[in-house]
Structures are given as structure tokens and as C-alpha cells.
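Before any comments, here is the structure.
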Amino acid sequence: MSSTNSDGAPPARYPSPCIRRCCLDDTDVCVGCGRTLAEICEWNAASDQRRREICASAQQRRRPAPG
């Protein structure tokens, strides 16, 4: 697996789900992107696989509860 693209640039990292609406609720979850404070702090050092996991968890949190 190559650490650069065909043009010599490093491969793009999995994009942040941040929508610049940063505000934590009472449970330390961002009301904008749905990530926990711990996930936000972890983001820059996280592997692409871990970033996918964080995004999947955040998406679940942002869905309204049924009923």
C-alpha cells in the first residue's frame, strides 16, 4: 500500500464531520456533529478506520429517538 497518491501527495484523510456548529450538550455530545468530547479530542490522532467508527457512532447519536 502506497503512502502517496500518483501525484506524490499524501492520501487524503477521512474527513471530519464537523459542521462548525460546535456546542456541547449536557452529556458532552456536540449538537452539531454528534461526536462526544472524547471523540473530538481523539480525532486528529485517529486512524481512518477509527474515524469511520467515530462518524458512525456520531450519526447514530444525531438520529432522533423513535416515538
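Summary table below
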quantity	calculated
Max mean-square fluctuation residue, GNM over the chain, Cα-Cα springs under 10 Å, options Ile40, Ile54, Ile19	Ile19
Percent RCO, i.e. relative contact order, over the chain, from Cα pairs under 8 Å lying at least 6 residues apart	24
Share of alpha-carbon pairs per 10 Å distance bin for the chain, given as whole %	20, 44, 23, 11, 2, 0
Full-extension gain in nm, Glu42 to Asp7, via 0.36 nm per residue minus C-alpha separation	9.7 nm
Helical contribution to [θ] at 222 nm, DSSP H n ≥ 4, -39,500 (n - 2.57), averaged over the chain, rounded to 500	-9500 deg cm²/dmol
Point-charge dipole on Cβ atoms (K/R +1, D/E -1) for region 13-67, about Cα centre, debye to 20	280
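Read the figures in this text as sums done on the coordinates, not as results from a lab. Nothing here was measured: the structure is a model prediction, and the numbers come from that model. Cβ atoms come from the backbone with ideal geometry, glycine included; neighbour counts cover every protein chain shown.
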